[in-house]
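Here the structure comes first, spelled out in structure tokens, and everything after it is commentary.
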Amino acid sequence: MTVPYKRILTVGLSALMLIATAASGAASTSPDGQRAFDWEIGTWRSSVRVLAEPLSDSADRWLQFAGTSTVRPLMDRRANALEFEVSGPDGRIDALNLRLYEPQAGRWSLTFVNMRDGLLTPSVYGGFRDGVGEFHGDDQLAGRPIKVRFLVFRHGPDEARFEQAFSADGGTTWETNWVAVDHRIRR
């Protein structure tokens, strides 16, 4: 029995396309998958505004800082560490952010540590959808429970914006207290 040349070619090309699609699917990432932070690996120039007294009745006073953040991959990119060093007229912030991917939950946890006191903050959890990272958690501010929201906005391959907000009413209203705009440093 002979098989027509076109049929062999069609089957062969179909198999090749199926293999290529499967291979590229394995290498690609979903918006909230393990490689969701790969775009951020590298060194960035950071401009930061921090609300001096969040969730208070005082007038808003924003503190200004500038410096760098460096993101390094860990454990085959299932985790990464961000080193953050900024300073300004009101002082200096040296911090770490450990990000871990939880494959069973399909989410990331972000845990911050301020090097001034060496304490870990409670983690925020979430992922990326439609190009925006959204992470939520619980914390305390001056002894009262609050909700924390951390947002990540990519503005192309070389610029990103990060916002943190607190809520004292269970997430009904939010007050932004941290805004960082990062620009990639090309080496």
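Pairwise Cα separations in region 100-164 fall into 10 Å bins from 0 onward with the following percentages, short to long: 19, 46, 30, 6. A full extension of the chain between residue 111 and residue 153 corresponds to an added length of 13.3 nm, given 0.36 nm per residue minus the alpha carbon distance.
Each Cα pair under 8 Å and six or more residues apart adds its sequence gap; the mean of these over the residue count of region 63-187 is a relative contact order of 12 percent.
Label-to-label distance for residue 83 and residue 100 is 2.2 nm, based on points extended 7 Å past Cα in the beta-carbon direction. So, in nm, how far is label residue 72 from label residue 138 when the simple model puts each one 7 Å beyond its Cα toward the Cβ? Here the modelled spin labels are 3.4 nm apart. The trypsin sites (Lys or Arg not before Pro) of region 149-182 include none that DSSP puts in a loop with a beta carbon having at most 13 other beta carbons within 10 Å.
Of 72, 129, the residue with the largest accessible area leads and the full order is 129, 72 (1.4 Å probe).
The values are calculated or read from the model by the stated rules, or taken from the named source; none is laboratory data. Quick caveat: nothing in here was measured; it's all calculated off a predicted structure. When we count neighbours, we look across all protein chains shown, and the Cβ atoms used for this are built from the backbone with ideal geometry, even at glycine. With ligands, DNA and RNA removed, areas are computed over all heavy atoms of the protein, side chains included. Shrake-Rupley method; radii C 1.70, N 1.55, O 1.52, S 1.80 Å.
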